[in-house]
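First, the structure itself, so that you have it in front of you.
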Amino acid sequence: MATAIAHPNFALIKYWGKADSRLNVPAAGSISLTVDKLTTKTTINFNAHLKADAVWLNGKQLENPELTRLRSFLDLIREVAGESRRAEVVSSNNFPNAAGVASSSSGFAALSLAASSAIGLRLTSGELSTIARRGSGSAARSIYGGFVELVAGDRADGRDSIAKPIADEKFWPLSILIAITSFEFKKTGSTNGMNLTSETSPYYSAWVESTRQDLPEMRAAIEARNFTKVGELMEHSCLKMHGAMLSARPGLIYWNAGTLEIIEAIKDLRKQGHEAYFTIDAGPQVKILCRDLTKPAVLEALDGCSKVAEIIDAKPGPGAFVLED
Ligand code: DP6
């Protein structure tokens, strides 16, 4: 039995498309920032008397299709460890599920760590990230804190598609404000959405190719603590990804009126000299990156947005860890 904690991350350079769906290898690398305030806590108990894996998420027992995804993921860990026992998993998030707040990133990171540590697998963080990646691409990045890159790799077996730390959570204590505009479940999950985009969008290959070029620029901007560059590249990657999503057939529109209201408010703030940048994932929530001194101006601007339901005030957070009892 073991319990692990992981925090979600949001991507500065987005991952949206796979080179190999079965091995869940991304088509291009991505760069993210792990967030401190949001937490997934997962306890796993392998038990020889259990006939099948059972999973509880936020107090509710999981059913298909999510249960099947979780069971195949546990099969993968069992295979690596030579383990045959089934498991009971109890997991809870302190934030909304499946609404574009990256619950799968912290979910699969916490589960990978809890499961491997319960079984007694001794893995490096890099090895752990490749297992987490099989659950969800973004989860590989939540193994580490701070700024993290998930490398696409070149190998056909995906083994070199691994997360690597760029700078830890203390390196650059920026502010992250997450504006929630809806608590509804997203209509198209990330996996289906990115597969639809890669199969139907005429912009998909340009999206993948240009993302490869954005990666070294973002890495350099983070290392130089060049906030303007990080912010501009982050917004560009976000809008470019949403451009590819919009051009899928049928088009994927993850934004709502509240999302657009916030985008306008952030652009207005910049015109007034307050430097802040937005990014949006596969949902209507908006993540805003700013320096601490700009946070009051951003909060005031969000206060003026009629469709903001909640604001999460966060900082860069640590990587996944095991809770010792
Ligand atoms: C828009 O990691 O959830 O948040 O690997 O299919 O589980 P799967 O996808 P997932 O996709 C995340 C997409 C994104 C961008 C990002 O986090 O890079």
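The values are calculated or read from the model by the stated rules, or taken from the named source; none is laboratory data. Since this is a predicted model, take the numbers as computed values, not measurements. Every residue, glycine as well, gets a Cβ built from its backbone with ideal geometry; the counts of neighbours run over all protein chains shown. Protein only, heavy atoms only, side chains kept; ligands, DNA and RNA dropped before computing areas. Shrake-Rupley method; radii C 1.70, N 1.55, O 1.52, S 1.80 Å.
I need a count of the residues in segment 35-68 that are out of contact with any Ser or Thr (no Cβ under 9 Å at 6 or more places or on another chain), in contact (Cβ under 8 Å) with a residue 40 or more places away in the chain and open to solvent by 90 Å² or more (accessible area, probe 1.4 Å).
Residues meeting the conditions: 1.
Something else about it: Regarding residue 237, is this residue part of a helix (DSSP H, G or I), closer than 20 Å to residue 106 by Cβ and within 15 Å of the chain's Cα centre (by Cα)?
So residue 237 does not fit the description; no.
Can you name the residue in segment 162-205 that is of a type outside the set (S, T, N, Q), within 12 Å of the ligand (Cβ to nearest atom) and in a loop (DSSP other than H, G, I, E, B) and is also most open to solvent (accessible area, probe 1.4 Å) among such residues?
Checked segment 162-205; the qualifying residue most open to solvent (accessible area, probe 1.4 Å) is 186.
Filter segment 23-57 down to the residues that are charged (D, E, K, R) and at pLDDT 95 or above, then identify the one that is farthest from residue 109 (Cα to Cα).
Selected residue: 51.
Condition (residue is assigned to a helix (DSSP H, G or I) and exposed (fewer than 14 other Cβ atoms within 10 Å of the Cβ)) applied to segment 303-311: is it met by at least one residue?
Yes: one or more hits.
On the given criteria, is residue 69 within 16 Å of the ligand (Cβ to nearest atom), outside any strand (DSSP E or B) and among the basic types (Lys, Arg)?
Yes, satisfied.
The rows are residues; the columns are (1) surrounded by fewer than 23 Cβ atoms within 10 Å (Cβ to Cβ); (2) at pLDDT 95 or above; (3) away from the ligand (no atom under 16 Å from the Cβ).
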residue: 81; (1), (2), (3): yes, no, yes
residue: 94; (1), (2), (3): yes, no, yes
residue: 97; (1), (2), (3): yes, no, no
residue: 106; (1), (2), (3): no, yes, no
residue: 136; (1), (2), (3): no, yes, no
residue: 141; (1), (2), (3): no, yes, no
residue: 150; (1), (2), (3): no, yes, no
